[in-house]
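The values are calculated or read from the model by the stated rules, or taken from the named source; none is laboratory data. Computed from a prediction, not measured in an experiment: that's the story for all the values here. Note that we place each Cβ from the backbone using ideal geometry, even for glycine, and neighbour counts take in every protein chain shown. Side chains included, ligands, DNA and RNA excluded: accessible areas come from the protein's heavy atoms. Shrake-Rupley method; radii C 1.70, N 1.55, O 1.52, S 1.80 Å.
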Amino acid sequence: MLSNWFYKFKIGRTITALHSLDDATLKDIGIHRSNIKSHAYEIFEKEKPVDDPMSELHDLYAKSTY
């Protein structure tokens with residue numbers, strides 16, 4: 001749970017940082033403004049937390065007991 005939050009936090013900070021750059025700087029590093037979000041996700045692709053199948057099972061169980 002915390003790793004998922006930290007993963008999303010890092011992506012959000014990266015998107016914010018890239019949006020703060022001007023178009024010339026983005027062009028120099030090879031990023032178009034319309035692709036900032038996809039590049040941010042690509043940067044942290046290997047750090048994406050693995051979904052825990054047990055948490056989904058727990059949620060389904062918790063909903064069924066009501």
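Out of the range 1-23, which residues are open to solvent by less than 60 Å² (accessible area, probe 1.4 Å) and of a type in the set (A, V, I, L, M)? Show your work before the answer.
Taking the range 1-23 first, the residues open to solvent by less than 60 Å² (accessible area, probe 1.4 Å) are 7, 10-12, 14-15, 17-18, 21.
Listed by number, the residues that qualify are Ile11, Ile15, Ala17, Leu18, Leu21.
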Need pairs with beta-carbon distance below 9 Å; first residue closer than 21 Å to Lys46 by Cβ and part of a helix (DSSP H, G or I) and within the range 5-23, second open to solvent by 90 Å² or more (accessible area, probe 1.4 Å) and aliphatic (A, V, I, L, M); sequence gap 6+ or separate chains. Lys10/Ile43; Ile11/Ile43; Thr14/Ile43; Leu18/Ile29
